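Working notes, beginning with the structure itself.
Quick note: the coordinates plus some simple rules give every number you see, no bench work behind them. None of the values given here were measured: they were computed from a predicted structure. Note that each Cβ is placed from the backbone with ideal geometry, even for glycine, and that neighbours are counted across all protein chains shown.
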Amino acid sequence: MSDSSDASRTLSFYGGRAASAIPIAFFIVWAVFQSGLLGIGDTTGLIVGILVGLIVGMFFVKGPWKTYADVLFDGMTQRVAATAIVAWLWAGMFAETIQVGGFVDGLVWAADAVQVGSGLFPALTFLLAALLATGIGTGYGTAIAFTALVFPAGVAVGADPVLLFGAILSGAVFGDNLAPVSDTTIVSAVTQNADIGGVVASRLKYAIVAAVFAFAAYLAAGQTMQGTPVDVAGAGGAGTALGLVHLASIGVVIVTAIRGRHIVEAISWGIVLSVFLNLAFGLAEVSAMLAFEASQESALVQSIDALPLIGAFVVPVAPGDAAVAGSLYTGAAGFFPLIVLVLLIVAAAQVMQRGGGFEAIQEFLLERVATTVRRAETTMVLGTALVNAMITINTAAEIAIAPYIKTLGRRFNINGYRRANILDANTSALGYIFPWGGGLLAGYSAMQRLPEQYEWFTQAMVVNPASVWPFVFHGWFLVAVFLLAAWTGYGREYVSDRASEEVSRV
Amino acid sequence: MSRFEKVLAGLTFRTATPSFEVGDEVPAFVTGQSESGLLVRVGDTVLVLPDADPALLDAKVTIKIESFDEGQHRGTARVVDVLQDGE
């Protein structure tokens with residue numbers, strides 16, 4: 001989590017420390033106006049919002065503007081942004097490759113065979129997404145994979161699209177919160193000086209309570225909220241069981257991740273196996289996964305196309321249509337706007353950090369609000385929510401707020417496990433609730449490609465990011481559990497009750 | 001502590017004002033200072049360390065409880081060990 005930036009570089013603003021929040025505040029207002037009020041879910045539009053916010057913020061800087069520019073570079077080169085980007089790119093390629101191999105058709109077939117109706121589908125999706133996310137440790141990867149693969153299957157059997165998307169995001173929240181290999185779990189433990197094993201064990205009492213309520217809520221809502229089933233076979237799709245061989249591809253990713261391999265390695269093995277299975281079972285052509293679509297009028301293209309092996313990658317097309325295509329290409333390319341957006345948001349967060357904006361919030365909370373242990377814990381929950389609204393990659397938000405949670409918690413001798421749990425649960429939850437959050441937009445990016453992939457998937461089935469937030473039930477229940485826990489003392493432990501083990505004993 | 005015990009640890013509704021017995025030795029952070037000396041605040045319970053070195057503010061120490069008033073949730077203690085210096 002370290003970077004090579006000069007952390008001593010500070011910024012001062014006309015208007016005081018609060019003015020360092022101008023770029024992020026401008027972006028949030030823009031995001032609410034664009035997605036919430038106008039219903040435009042365009043990620044590139046949000047990029048323009050943060051760019052304009054960064055320009056506006058610059059005019060408030062005292063002293064040389066070069067320092068402001070340097071701080072932007074420091075923010076953009078943080079490792080935490082790269083971690084999210086890698087997860088999106090790899091998961092995007094993996095999910096798309098499984099998709100061209102007919103996994104969704106297989107799921108539709110399985111849902112029909114075991115009679116999973118539209119009412120039960122969201123609750124079941126929540127459980128399966130939670131299992132995958134806990135296994136592979138990336139909520140973002142889960143949101144992408146499930147939106148690309150399970151979402152269309154659920155919509156086909158008649159589940160409500162908004163509820164189903166909420167169930168997927170809820171599963172991602174569960175995994176981000178609980179998985180020992182999740183970035184947010186690790187950051188929460190390390191920053192609060194607690195061992196990861198102990199943190200995961202101590203967080204079950206919150207996560208399970210929230211998950212039970214969320215599961216029941218998806219069962220109940222599934223009965224009342226339903227879409228219209230699609231006759232997939234009649235609409236041009238082919239419901240076939242064979243696509244289910246890709247359960248093996250997903251299994252390889254889970255097993256490799258649980259064995260402690262890096263997520264890049266785990267998903268790479270999943271991609272390799274899914275490509276092999278597509279070819280071995282004739283589920284997809286080579287060109288469906290990677291194709292160089294070159295001009296059919298070129299003699300060179302025609303001769304390469306005729307070659308064995310390499311010819312399979314070359315597809316002659318009309319001269320004006322030349323492009324690179326295939327699942328690896330579209331799977332990665334779908335996330336490019338989100339990647340640019342996230343780099344700019346962490347840059348804006350760095351401006352607020354170096355300009356003293358976060359420090360000002362901490363001082364206000366410490367001196368004015370957190371005067372009793374109940375109020376301190378409530379402040380920790382709400383402070384985490386506030387920072388997550390501003391920094392939309394949840395790991396980055398967690399790193400920003402972690403020192404304040406530590407300071408605030410220690411003022412009341414709140415145990416490291418409890419601090420880590422408050423920090424991680426609320427970061428995990430809110431990162432998938434705010435309509436401009438990284439996890440939600442990652443799933444949305446995957447969803448936007450579905451109308452191109454399935455004839456029967458209409459634009460009306462694409463969920464507006466601003467409409468899903470009430471349905472991320474596990475996220476809301478997790479926040480509610482912690483607000484109640486702060487008030488009632490459920491799960492509270494003091495430093496004097498139990499010493500955290502050393503971080504090195506992970 | 002076994003993994004199972006770790007899962008069950010803290011599975012209670014813990015009071016905001018924990019009590020201590022005279023003679024208890026517990027780890028805690030030194031959280032503040034007053035005219036009477038350094039303070040250790042555990043939840044909303046306050047323990048005063050009358051003779052402690054002011055340099056121990058924010059340090060993690062082991063304290064021995066010397067007096068405790070259940071009604072006021074206040075007591076006194078002395079430092080018996082320094083576990084970690086203040087940051």
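Numbers below:
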| quantity | calculated |
| --- | --- |
| Proxy reagent accessibility, fewest Cβ within 10 Å first, across A:390, A:461 | A:461, A:390 |
| On Cα atoms only, tilt of A:65-76 relative to the major axis of chain A in degrees | 60 |
| Among beta bridges that DSSP assigns inside chain B, antiparallel share in %, nearest 5 | 90 |
| The protein assembly as shown: C-alpha gyration tensor shape, a/c 1.5 cut-off, then a/b vs b/c | prolate |
| Segment residue A:306-residue A:484, length gained on full extension (0.36 nm per residue, minus Cα span) | 57.3 nm |
| Net lengthening on full extension, residue A:220/residue A:40 (0.36 nm per residue, minus Cα-Cα) | 61.8 nm |
| Structure-based [θ]222 nm, chain A - -39500 (n - 2.57) summed over DSSP H runs of at least 4, per residue, nearest 500 | -20500 deg cm²/dmol |
| C-alpha long axis of helix A:139-156 to longest principal axis of chain A, angle in ° | 50 |
| Cα gyration tensor, region A:264-341 - rounded (a/c under 1.5), prolate or oblate | oblate |
| Burial order of peptide ranges B:44-50, A:431-437 (average beta-carbon count within 10 Å, highest first) | A:431-437, B:44-50 |
| Shape of region A:107-244, Cα gyration tensor, a/c cut at 1.5 | prolate |
| On Cα atoms only, tilt of A:121-136 relative to the major axis of chain A in degrees | 70 |
| Packing-based exposure ordering (other Cβ within 10 Å, fewest first) of B:21, A:359 | B:21, A:359 |
| Stretchable slack from residue A:69 to residue A:459, in nm (0.36 nm times residue separation minus alpha-carbon distance) | 136.4 nm |
| Cβ crowding within 10 Å averaged over residues, with A:298-311, A:60-73 ranked highest first | A:60-73, A:298-311 |
| Peptide A:461-469, shielding by other chains (average Cβ, 10 Å cutoff) | 0 |
